[in-house]
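Working notes, structure below.
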Amino acid sequence: MTCSIRNDKNKKYSDYHAEMKKKNLYIQTFGCQMNVYDSERIACLLEERNFQLIDEPSGADLIIINTCSVREKPEQKVYSAIGRFQRLKRENPKLILGVGGCVAQQQGEGLLDRFPYLDFVLGTKELPRLTKILDDLEDSGARSSATALEGRVDPYASLPFRAPRSKVSSFVTIMQGCDNYCTYCIVPFVRGREVSRASHDILSEIRLLASSGVKEVTLLGQNVNSYGQGHPGELSFPGLLEAIQEIPGIARIRFTTSHPKDLSSDLVRAFGRLSKLCEHIHLPLQSGSDTILERMNRGYSREEYTRKVEALRQRCPDIAITADLIVGFPGETERDFAATLDMIHRIQFDDFFSFKYSDRPHTRARLLGDKVSEETSRRRLEELQFLQKKITRERNKRWEDREVEVLVEGPSKSNSEESTGRTRTHHVVNFPGRNHAKGSLVKIRITKVYAHSLRGEALDKGGLCDD
Ligand code: 5AD
Ligand code: SF4
């Protein structure tokens, strides 16, 4: 890990740099897309410090675990992972082990007490301090925890950015944190108050991505609808979408997550008006019962949610609508749960993610009585997923015999003779032929539909490569 530079007058500094042995960085990422984005930014920052990213933890000089604490289960997974990596450290005492992300923010120094081989803890807004933390470790071996969260500062503004190699699709975080304080949610406490990144930074990042071959960007934020609010002179979210629409090379724009209470008519109109904006919206419902929605502090009723969905479908009949749902929120009765099932029938989601309610530190729901038993929550989850599976299959049938545009991601994982990609509505499509160039847009006729994917055949030879 140490390097020595010989004093050879004929050599340029860059030659020495190239000769320096690269250090290996392994990042294990848990949780949401925002963590995936953060891990990419960490890799970029450390690349400037002579680290290269590797795919396996063995042989790493530095391991960073990027963590999620949205529910108890992912949090527990993090502790098992730290335990596993601690063992690697016994074999290689020079290995540096750090924890970042939401569990780091939530537990802070407590993690250093609990895990004696852990070297540092890096909160969600502390990414720029990573290099200093590593310097201190190298100089004095000092273990440290950096978890400041106050202030509406953009932690990405001071970080380097390098476009990835050979990626078709990329995430771009446009805002961090959340001011909504849904009563079950830990996010405002671990990601802080809402802060939007400057549109100038976002747009230059996307231009760089486009120049490296990225065709699709997914804009990330806890509540993208409030992008720009509290930043005088900044673009609104629909304004930002319009600016991205103008970037050559970008073929598709997606975003997540949109809060139903803030879904504006401007944003609804953007669908169909902006040709690159894909016909898919993730609109978390959480519960179909007005009583529970109120107790969750969601700020909308089932009627209001339904009206937003109708407006979206009126504007864009083919739009795919997905959601998040929670079962077993404190006090959820059979009647409340029946109201959720009723909303699932009524809305006809294309699909959704569903979770059992989980008590989280700092949240108001944690203090509510009338907790729903594990057994009841499990049964409700199964029932809801069973119902949606049928609806998803039924809804997928609308694609049968239709032509769709697919962005090719590469060879299919399950069959090397086939290619795979996604429609604008985010449906996975597998189709024969492995020579479709990654990143090309092909016209596919859908021949068969399943619950989780579609099958089709290519109608044009556009984007075929020779090998
Ligand atoms: N328990 C269960 N699910 C939760 N989510 C957030 N907090 C909790 C919790 N305490 C779910 C919500 C959110 C998604 C990212 O995770 O559905 O939309
Ligand atoms: Fe959590 Fe609600 Fe904010 Fe989403 S909108 S991150 S659920 S507090």
Subject >> Top-ranked residue of region 322-337 - restricted to ones that are out of contact with any helix residue (DSSP H, G or I) (no Cβ under 6 Å at 6 or more places or on another chain) and part of a strand (DSSP E or B), ranked as farthest from ligand 1 (Cβ to nearest atom) >> reply: Thr322
Original post:
In the list Thr363, Thr425, which residue meets the criterion of being within 16 Å of ligand 2 (Cβ to nearest atom) and of a type in the set (Ser, Thr, Tyr)?
Top reply: Thr363
**OP:** Could you run through region 122-166 and say how many residues are closer than 30 Å to Gly213 by Cα and among the aliphatic types (A, V, I, L, M)?
**Re:** 5
Subject >> Whichever residue in region 161-193 is at pLDDT 95 or above and farther than 17 Å from Val70 by Cα and, among such residues, is surrounded by the fewest Cβ atoms within 10 Å (Cβ to Cβ) >> reply: Ser169
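For the structure I just gave you, tell me whether Ser196 is at pLDDT 95 or above and either surrounded by 21 or more Cβ atoms within 10 Å (Cβ to Cβ) or more than 16 Å from ligand 2 (Cβ to nearest atom) (or both).
Values: at pLDDT 95 or above: yes; either surrounded by 21 or more Cβ atoms within 10 Å (Cβ to Cβ) or more than 16 Å from ligand 2 (Cβ to nearest atom) (or both): yes.
In short, yes.
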Subject >> Pairs with Cβ under 8 Å, 6+ apart, first in region 173-184 and near ligand 2 (Cβ under 8 Å from one of its atoms), second β-branched (Val, Ile, Thr) >> reply: Cys178/Val187; Tyr184/Ile326; Tyr184/Thr363
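Looking at Ala311, Ala320, which one is more than 20 Å from Tyr181 (Cβ to Cβ) and surrounded by 19 or more Cβ atoms within 10 Å (Cβ to Cβ)?
Working: Ala311 fails: surrounded by 19 or more Cβ atoms within 10 Å (Cβ to Cβ).
Every option except Ala320 fails the conditions.
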**OP:** Answer yes if at least one residue in region 295-310 is in contact with a Leu (Cβ under 8 Å, 6 or more places away or on another chain), closer than 19 Å to Val372 by Cβ and assigned to a helix (DSSP H, G or I), and no otherwise.
**Re:** yes
**OP:** Please state which one of Asp135, Asp119, Asp139 is within 21 Å of Leu88 (Cβ to Cβ) and either touching a residue at least 24 places away in the same chain (Cβ under 8 Å) or not β-branched (Val, Ile, Thr) (or both).
**Re:** Asp119
**OP:** Could you list all residues from region 29-86 that are within 16 Å of ligand 1 (Cβ to nearest atom), part of a loop (DSSP other than H, G, I, E, B) and more than 13 Å from Gly101 (Cβ to Cβ)?
**Re:** Arg71
Original post:
What single numbered condition from (1) within 23 Å of the chain's Cα centre (by Cα); (2) surrounded by fewer than 15 Cβ atoms within 10 Å (Cβ to Cβ); (3) within 16 Å of Asp460 (Cα to Cα) fails to hold for Lys443?
Top reply: (1)
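Restricting to region 131-185, what's the tally of residues that are closer than 18 Å to Ile202 by Cβ and within 16 Å of ligand 1 (Cβ to nearest atom)?
The first filter runs over region 131-185 and keeps only residues closer than 18 Å to Ile202 by Cβ, leaving 152-164, 167, 169-177.
Subset that is within 16 Å of ligand 1 (Cβ to nearest atom): 171, 173, 175-177.
Of the residues in that region, 5 qualify.
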Original post:
Is there any pair linking a residue in region 254-266 that is under 13 Å from Phe171 (Cβ atoms) and at pLDDT 95 or above to one that is crowded, with 21+ Cβ neighbours inside 10 Å and of a type in the set (Asp, Glu), with Cβ under 7 Å and at least six apart or on different chains, and which?
Top reply: Arg254/Glu216
**OP:** Might you let me know whether region 154-163 holds any residue that is touching a strand residue (DSSP E or B) at 6+ places or on another chain (Cβ under 6 Å), within 30 Å of Gly421 (Cα to Cα) and in a loop (DSSP other than H, G, I, E, B)?
**Re:** no
Subject >> Residues within region 268-285 that are within 16 Å of ligand 2 (Cβ to nearest atom) and under 24 Å from Tyr37 (Cβ atoms), tallied >> reply: 4
Original post:
Taking region 286-321, which residues are in contact (Cβ under 8 Å) with a residue 60 or more places away in the chain, under 21 Å from Arg424 (Cβ atoms) and either under 23 Å from the mean Cα position of the chain (by Cα) or within 16 Å of ligand 1 (Cβ to nearest atom) (or both)?
Top reply: Ile319, Ala320
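The values are calculated or read from the model by the stated rules, or taken from the named source; none is laboratory data. Keep in mind that what you see is a predicted model, and the values were worked out from it rather than measured. Ideal geometry is used to build each Cβ from the backbone, glycine not excepted, and the neighbour counts take in all protein chains shown.
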